[in-house]
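Take a look at the structure set out below.
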Amino acid sequence: MKTVLVIEDEPEMRRNLARLLKLEGYDAVAAENGAAGVVLARQRKPDLVICDVMMPQMDGHEVLRTLRADPALRSVPFIFLTAKGEKSDQRGGMNLGADDYLTKPVDNDDLIAAVAARLQRAQESVRTGFAPDFSSSQPIESLGLSPREAEVLLWVAQGKTNPEIATILGISEETVKKHMKQILATLGVETRTAASLRAMEVLQKPG
């Protein structure tokens, strides 16, 4: 049974998320704030973390930074869940290394789908030994792409849509489309999937 840690300071939301996850067959554990969440993460070593952004004592961004700095927890999939939908907030969270970002109120099916997708990706990395390092887009530039094109492809390789990439990078969706067109031409491929595979090859962690 996969363990999912929910870090949420609003009691009703925290209870509802834990209940939903348990109904879906997950071992759901919950913490009422960021500091408590970090302690619980170190105790339970969860398979995935769902974390609110705006919380007392330690906000979600600081929780993510702390977990990413811990060798035992740095690879745990991390999903931000927050009512704050400003583009700058979403961009900041994704640039810190979050795997996904869902805005409240989130549909139950969308939440469960996001959890399942991130757990499956983590499992595939363990099974195949194929574990791309998405912390920097710089290696992708070796494919002949500009720094901005490499940034776009970095997020494409993580399954992000054009609107999501536009938000993360602070550019228009039309600009993302133009970059994608150039990326495909430069790499000599026809699909986003093929471009993603090329990116993940150069992002593969050594050893």
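For LEU81, the criteria (1) over 13 Å from the mean Cα position of the chain (by Cα); (2) surrounded by 15 or more Cβ atoms within 10 Å (Cβ to Cβ) hold in every case but one, which is (1). What residue, of LEU17, LEU67, is assigned to a helix (DSSP H, G or I), in contact with an Asp or Glu (Cβ under 8 Å, 6 or more places away or on another chain) and assigned by TED's automatic domain parsing to the domain that holds THR103? The conditions single out LEU17. The set of residues in the stretch 33-69 being touching a helix residue (DSSP H, G or I) at 6+ places or on another chain (Cβ under 7 Å) and over 23 Å from MET1 (Cα atoms) consists of GLY34, ASP52, VAL53, MET55, GLN57, MET58, ASP59, GLY60, HIS61, GLU62, VAL63, THR66. Scanning the stretch 53-77 for residues that are under 20 Å from LEU102 (Cβ atoms), aliphatic (A, V, I, L, M) and surrounded by fewer than 17 Cβ atoms within 10 Å (Cβ to Cβ) yields one hit, MET54.
The values are calculated or read from the model by the stated rules, or taken from the named source; none is laboratory data. Note that this is a predicted model, so its numbers are computed, not measured. Counting neighbours? That spans all protein chains shown, and the Cβs are built from the backbone with ideal geometry, glycine included.
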